[in-house]
Amino acid sequence: MRIPAVKQSHLRRWLFCCSVLAVSALLGCAERVGPVELAGRTMGTSWHVTYTPGSQPMPSQQVLGGIEDILEAVNRSMSTYRADSEISRFNGSPNDEWFAISAGFQQVLQAAVEIGELSGGAYDVTVGPVVDLWGFGPKAGADAVPPLSELRAVLAGIGQDKLRLDAQNRRVMKTGELGLDFSSIAKGYGVDQVARWLASLGVSDYLVEVGGEVRLHGHSPRGGPWRIAIEQPDAMTGSVATAISLSDNALATSGDYRNYFEVQGRRYSHTIDPRTGYPISHDLVSVTVVHSLAMMADAWATAFMVMGAEQAMKVALEQGLAVYFIRRTGGSYASSHSPQFERYLEAPQGE
């Protein structure tokens, strides 16, 4: 699954934290089993895992193989870039016919539909055909604004109301010419699956990251909470906006400043508002969400990016979610956050 680059790099800066802390732990605590760092490629992006082996550790090469198997299974199910994937086969299936789905597919679809309802339609995993029309999907197109008539026709065919889910029999039906797109939730789901597997091995201290979506548990190699850096939404500098401390939680960031095209001086972001069919055009440029599940953080971050800062804050407060916003104000940036996010912010040095 080739996930748009915009969400791949927001949290890369966590690597410098993990690397420095891992070295410090190894030098300062020789009798302790040192952390293991593994990495690879999946879903058109990179993945990283840092963990401290349990009392009966599995060889790291076996852990590597297990992680790769889990992520490959997610890819086989949810990649729109693979013609034989579960989601591609569903998208190509006839209308008004039931399609049997796997347990993982059902879990992701149910979560997506729930967030779609809670977000008032700002999040909609049936938006795939509109994304394709703008050239941001698997079928990359020219950097051009689609004809209004064509956009209206495609937009009329999408919508979660055109899905029928039979959870008891694990099957789904579409009643319109829609196509599912899990690119805003599948990476988070993959992170959760890897985290659960590590926990089943007796690993209690770990960090799992796929394309910028992160889940952490226990302690970092230095012995305290994991430290994560949130990137400043500037495609050129890659500087850090703020740092937070986390444990036993997941984190995802969404932004509009890397994957876009320009026509006659106007920027068109890859983030499409499914309610209008057009790319977002407000001043909210980055959203970070902390949640117990990476899957939910991943999808909510996209939903909030679509909404814009004011509506997003309103929904975040209604749902009791921990969210950090960065807005573009002229040539600078301004941040704000929901009350639930306050606990994760690190105090400035000297306090």
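All of the numbers you see were taken from the coordinates with simple rules; none came from a lab. None of the values given here were measured: they were computed from a predicted structure. Every residue, glycine among them, receives a Cβ derived from its backbone with ideal geometry; neighbour counts consider all protein chains shown.
Test of understanding: ordering Phe105, Phe304 by Cβ neighbours within 10 Å, fewest first, what list do you get?
Numbers: Phe105 24, Phe304 27.
Fewest-to-most Cβ neighbours within 10 Å comes out as Phe105, Phe304.
Centre-to-centre separation between the Cα atoms of the stretch 84-127 and those of the stretch 290-308: 17 Å. Distant-in-sequence amide contacts of Arg171, defined by a placed amide H-H separation under 5 Å and a gap of 5 or more residues or a different chain, comprise Ile101, Asp166. Considering only Leu155, Asn95, Thr126, the residue lying farthest towards the positive end of the dipole of the stretch 85-174 is Asn95, judged by Cα position with unit charges set on Cβ.
If you take the beta carbon distance between Arg164 and Ala103 as r and set R0 to 22 Å, what does 1/(1 + (r/R0)^6) give as a FRET efficiency, to the nearest 0.05? My answer for the efficiency is 0.75.
Here the peptides 220-232, 49-61 are ranked by packing, the mean other Cβ count within 10 Å, and the order with the highest first is 220-232, 49-61. Multiplying the residue separation of Val145 and Arg41 by 0.36 nm and subtracting their alpha-carbon distance yields 34.2 nm. In this simple spin-label approximation, Arg82 and Glu68 carry label points 7 Å from Cα along the Cα→Cβ vector, and these lie 1.4 nm apart.
Can you put Ser88, Ser46 in order, fewest other beta carbons within 10 Å first? Working shown, then result.
On the way: Ser88 19, Ser46 16.
So the residues, fewest neighbours to most, are Ser46, Ser88.
In terms of its Cα atoms, the stretch 85-174 spans 43, 28, 21 Å along the principal axes, sorted from long to short.
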